[in-house]
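Here's the structure, in structure tokens; my notes come after.
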Amino acid sequence: MRFFRYLMPGLVVLLSACATTPSDGPSMATAAQACEEPRPQVCTMDYRPVCARLADGGVKTYSNGCSACSDAAVSSWTEGACPE
């Protein structure tokens, strides 16, 4: 039982650090990441949604920054899905 007395405070800190609230879209505090040349041709399949700014002024959600920049129509992206 002594083991749990020492384990619990660390576990509480660990769990509270993991408990974040999801955002409703890209934050204005998050800086836009510009897409650079050469564009990626192969990306991982991880899901970390980003909101990409298209050359025509529109926005589109991509699964991650690499996938967004692989599209020639994308100029930059910010973390989080685009607001609907």
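Scanning segment 41-70 for residues that are without any contact (Cβ under 8 Å) to a residue 24 or more places away in the chain and among the charged types (D, E, K, R), we see that the one that is surrounded by the fewest Cβ atoms within 10 Å (Cβ to Cβ) is Asp56. Residues of segment 38-59 that are over 14 Å from the mean Cα position of the chain (by Cα) and either in a helix (DSSP H, G or I) or within 14 Å of Cys82 (Cβ to Cβ) (or both): Arg53, Leu54, Gly57, Gly58, Val59. For segment 67-84, a tally of residues being in contact with an Asp or Glu (Cβ under 9 Å, 6 or more places away or on another chain) and either under 19 Å from Ala31 (Cβ atoms) or in a strand (DSSP E or B) (or both) returns 4.
Read-outs: derived from the displayed coordinates by stated rules, not from any lab. Computed from a prediction, not measured in an experiment: that's the story for all the values here. Backbone-built Cβ (ideal geometry, glycine too); neighbour counts: all protein chains shown.
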